[in-house]
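Here is the structure we will look at, set down as structure tokens.
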Amino acid sequence: MKENTAGSNISIGVFDSGIGGLTVVKKLREKLPYVNIVYLGDTARVPYGTKSEETIIRFATEDTAFLIEKEVDLIVVACNTASSVALTHLRKAFKDYPIFGVVEPGVKMAIHATQSNSIGVIGTIATIKSHSHKKFLEREGITNIFEKACPLFVPLAEEGLSEGEIPELVARHYLEDIKDHIDTLILGCTHYPILIKTIKKVVGEKVKLIDPSSALAAKVSDFLMSKNIQPVEGNGKLDLYLTDIPPHYHSLLNLFLGFEPDTIEKVNLSEISSC
Ligand code: DGL
């Protein structure tokens, strides 16, 4: 990792199972506008959240190897599913690189927010099955934990169906039985911030919603400060690599990112050597 240099010399590699991780890129851009970002969205193989542990680890390893070939300085695993299932493996396989996951920052933010010590976690099937948030929360002394997989939120967000009758019905289906037991809810999936208004409507004003991406961006920023990486004027580059360019990618970029990347390129991960 470079030290004592201008932020414009730093490149952060971010990966996600698809487009959803751009919600994390947005927060990184707000916090660290001057760094360069190389984003890999594995759009050809999304979703990860319904896959086995073995497959998620293999995909996450290939994603990380790709970003390292692009000469990034550190890796951000924006995907909650990959952070939950593959982070330990990635840190062993790519020892020389700082690798940041999204689970721990979200958990810390939730612990800070809760007053009743009763916390809900929603995520993909694989994330909830891994109990990654629960394990962290328990280590911090929280024992009232309510977990719920909400797989239908992902296609709803990608359809841009963020408000109205249909998402509200789905949100009630998932959240009705946990909402009265919690005062804080971790949005443990990159897609869920798109549905934040509907989730808020269903769980009520008294439940605080935690989007881990801002805490993750703050953690990366603290790390760069500790390496004496200096802020500079202007925006860094955002290079987007996708393993498939879906027909509606323009509307997805608009929904999840809200600004134009500098470059977009389709890549084939099977051409990359991985660990
Ligand atoms: N990016 C994934 C996550 O944050 C959601 C989509 C998927 O299932 O791959 O867990």
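The values are calculated or read from the model by the stated rules, or taken from the named source; none is laboratory data. Just so it is clear, the structure is predicted and the values come from calculations on it, not from any experiment. Neighbour counts run over all protein chains shown; Cβ positions are idealised from the backbone, glycine included.
Kindly indicate which of Ile122, Ile19, Ile37 is more than 12 Å from the ligand (Cβ to nearest atom), outside any helix (DSSP H, G or I) and within 15 Å of the chain's Cα centre (by Cα).
Exactly one of Ile122, Ile19, Ile37 is more than 12 Å from the ligand (Cβ to nearest atom), outside any helix (DSSP H, G or I) and within 15 Å of the chain's Cα centre (by Cα), namely Ile37.
Which residue is nearest to the chain's Cα centre (by Cα), if the candidates are limited to region 125-152 and must be among the hydrophobic types (A, V, I, L, M, F, W, C) and assigned to a loop (DSSP other than H, G, I, E, B)?
Kept after step one, since they are among the hydrophobic types (A, V, I, L, M, F, W, C), are these residues of region 125-152: 125-126, 128, 136-137, 142, 145-146, 149-150, 152.
Now narrow it down to the ones that are assigned to a loop (DSSP other than H, G, I, E, B): 142, 150, 152.
On the way: Ile142: 23, Cys150: 16, Leu152: 17 Å.
Looking at residues that are among the hydrophobic types (A, V, I, L, M, F, W, C) and assigned to a loop (DSSP other than H, G, I, E, B), I get Cys150.
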Helices (runs of 4 or more DSSP H) wholly inside region 153-256 that include at least 2 residues being small (Gly, Ala, Ser), surrounded by fewer than 22 Cβ atoms within 10 Å (Cβ to Cβ) and modelled with pLDDT of 95 or more: 212-226
Residue list for region 44-56, filter: closer than 25 Å to Pro246 by Cα, more than 16 Å from the chain's Cα centre (by Cα) and assigned to a helix (DSSP H, G or I): Thr55
Checking Arg29 against (1) in contact with a Lys or Arg (Cβ under 8 Å, 6 or more places away or on another chain); (2) within 18 Å of Phe259 (Cβ to Cβ), the condition it does not meet: (1)
Among (1) in contact with a Cys (Cβ under 9 Å, 6 or more places away or on another chain); (2) within 28 Å of His112 (Cβ to Cβ), the one test that Gly141 misses: (1)
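Looking only at residues that are more than 15 Å from the chain's Cα centre (by Cα) and hydrophobic (A, V, I, L, M, F, W, C) in region 57-68, which one is nearest to the ligand (Cβ to nearest atom)?
Within region 57-68, the subset more than 15 Å from the chain's Cα centre (by Cα) is 57-59, 61-62, 65-68.
With the extra rule that they be hydrophobic (A, V, I, L, M, F, W, C), the set shrinks to 57, 59, 65-68.
Details: Ile57: 14, Phe59: 9, Ala65: 19, Phe66: 16, Leu67: 16, Ile68: 20 Å.
Checking each candidate, the answer is Phe59.
Farther than 24 Å from Val25 by Cα, surrounded by fewer than 23 Cβ atoms within 10 Å (Cβ to Cβ) and in contact with a helix residue (DSSP H, G or I) (Cβ under 8 Å, 6 or more places away or on another chain): is that true of Ile119 in this structure?
In short, no.
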Residues located in region 69-100, provided they are part of a helix (DSSP H, G or I), touching a residue at least 12 places away in the same chain (Cβ under 8 Å) and either within 11 Å of the ligand (Cβ to nearest atom) or surrounded by fewer than 19 Cβ atoms within 10 Å (Cβ to Cβ) (or both): Glu69, Asn80, Thr81, Ala82, Ser83, Ser84, Val85, His89, Ala93
Residue tally, condition without any contact (Cβ under 8 Å) to a residue 24 or more places away in the chain and within 16 Å of the ligand (Cβ to nearest atom), over region 160-187: 2
Checklist (1) under 14 Å from Gly123 (Cα atoms); (2) polar (S, T, N, Q); (3) more than 16 Å from the ligand (Cβ to nearest atom) applied to Thr190, failing item: (3)
